[in-house]
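Read-outs: derived from the displayed coordinates by stated rules, not from any lab. Everything numeric here is computed off the predicted structure, so don't read it as measured data. With ideal geometry, Cβ positions are generated from the backbone for all residues, glycine too; neighbour counts draw on all protein chains shown.
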Amino acid sequence: MKTIANDSPCQSEQELIERYGGIAFDKQLDFAELVGGKNWNADIGKGEITFGGELHFPIQILGTFSHGSQNWLWAWANTQSGLPEHLLEQAVQLKQYGEKNGIDLLSTSTFDFSKAQMHFIGLIALEMFQARGYYIADFGKGAMLVTIPADDREQALPENHLRIFSAFPQFISQFEMNQQRAFVNYLQAKGYTVLQTDEVVSGTRKDNRVTARFNAEGRLLNLEG
């Protein structure tokens, strides 16, 4: 089981999404394309999820969302469901990270939530644990958020240069953040050499180059390459 990367710790939800969100969103696009609209089935006993009866993946369970109460419940706090402890390892590590760094989102057992916010947690966990992807498994009364652990063969950095120009604008439209800091982290995670001035960030990787301009508040103005 992969553990949280030993980076300098984040101290807020915003830092988490700025550091991990961009590259996680990029990776999640690949996973979403792989599973498409296939029907899912989770076997908690086996600790796996299947899509269309043909794709089989191990899972880690992060938590559940109730459509009725509009509440999120972390898997480590869901004592009534009898979930196997080995499927909660990532959720427990996130709890410990939240307690250590003062991030209530990760350490508070349950709170008012929206289903859309599950994507925030999914992206953070995906990259912090170097997972292959995450999935929101809707079961009618609620939805379960799981991550799909990756093996070493699946750890190559996404190399699709052109995806930057569609993925990053999509990503920043969904979450509040300093977009300039998020872009720097995204490029670095993607393997680019990054140069920046006050309001311009450029990245190069092999023969590919991208340049972004931001306003004084760190919001994206222009992206070209």
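Per residue, how big is the convex hull around the C-alpha atoms of region 137-225? Give it to me in cubic angstrom, could you?
Values: hull volume 10.9 nm³, N = 89.
Here the figure is 123 Å³ per residue.
Find the lysine pairs in the chain meeting two conditions, Cα atoms under 23 Å apart and a separation of 8 or more places or different chains, and report how many there are.
Final tally of qualifying lysine pairs is 16.
Can you give the Rg/Rh ratio of region 26-150, where Rg is from the C-alpha atoms and Rh is the Kirkwood radius?
The Rg/Rh ratio comes out at 0.94.
Using the Karplus curve 6.51 cos²θ - 1.76 cosθ + 1.60 with θ = phi - 60°, what ³J(HN,Hα) values do you get for each residue of region 139-150, in whole Hz, with x for Gly and Pro?
These are the phi-based 3J(HN,Hα) values: 10, x, 6, x, 8, 10, 9, 10, 10, 10, x, 9 Hz.
Helix 13-35: angle to the longest alpha-carbon principal axis of the chain, degrees 0 to 90, nearest 10?
Value to nearest ten degrees: 70.
Which value at 222 nm does the chain reach when only helices count, each DSSP H run of 4 or more adding -39,500 (n - 2.57), with the total divided by all residues and rounded to the nearest 500 deg cm²/dmol? Mind showing how you got there, number by number?
Values: 6 runs with 74 residues, N = 225.
That comes out to -10500 deg cm²/dmol.
Might you report the magnitude of the Cβ-based charge dipole of region 1-77 about its Cα centre, with Lys and Arg at +1 and Asp and Glu at -1, to the nearest 20 debye? Before the final figure, lay out each step's value.
Working: 5 positive and 10 negative charges, 44 e Å.
Rounded to the nearest 20 debye, it is 220 debye.
Below 8 Å, C-alpha to C-alpha, sequence gap of six or more: please give me the relative contact order for region 13-154 in percent.
Details: 231 pairs, mean separation 40.3, N = 142.
With pairs under 8 Å counted, the relative contact order is 28 percent.
Size of the dipole of region 86-225 about the Cα centre, Lys and Arg at +1 and Asp and Glu at -1 on the beta carbon, nothing else charged, in debye to 20?
Details: 14 positive and 16 negative charges, 45 e Å.
Value, rounded to 20: 220 debye.
Calculate log10 I(q)/I(0) of the chain for q = 0.09, 0.13, 0.14 Å⁻¹, where I(q) comes from the Debye formula with a single equal point scatterer on each Cα and nothing for solvent.
For the chain at q = 0.09, 0.13, 0.14 Å⁻¹, log10 I(q)/I(0) is -0.38, -0.78, -0.89.
May I ask you to compute the full-extension gain from Asp104 to Ser81, defined as 0.36 nm times their residue separation minus their alpha-carbon distance, rounded to one decimal in nm?
Working: separation 23, 0.36 × 23 = 8.28 nm, distance 2.32 nm.
Extra length available between Asp104 and Ser81 comes to 6.0 nm.
Around Ala189, what is the net charge, scoring Lys/Arg as +1 and Asp/Glu as -1 over all other residues with Cβ under 10 Å from its Cβ? Kindly include the intermediate steps, with their values, before the conclusion.
On the way: positive: Arg19, Lys27, Lys190; negative: Asp26, Glu127.
Once positives and negatives cancel, what remains is +1.
So for each of 131-138, 21-28, 86-93 I average, over its residues, the number of other beta carbons within 10 Å; can you give me the resulting order with the highest mean first?
On the way: 131-138: 20.0, 21-28: 25.1, 86-93: 18.5.
Result, highest mean first: 21-28, 131-138, 86-93.
Which whole-Hz ³J(HN,Hα) couplings does region 191-197 yield from phi under the Karplus relation 6.51 cos²θ - 1.76 cosθ + 1.60, θ = phi - 60°, glycine and proline marked x?
Values per residue, Gly and Pro as x: x, 8, 7, 10, 10, 8, 10 Hz.
Rounded, prolate or oblate: which one fits region 82-137, using the alpha carbon gyration tensor with axes a ≥ b ≥ c (rounded when a/c is under 1.5, else prolate when a/b beats b/c, else oblate)?
Here region 82-137 falls in the rounded category.
Enter the angle in degrees (range 0 to 90, nearest 10) between the Cα long axis of helix 89-101 and the first principal axis of the Cα atoms of the chain, meaning the one along which they spread out most.
For helix 89-101, the angle is close to 60 degrees.
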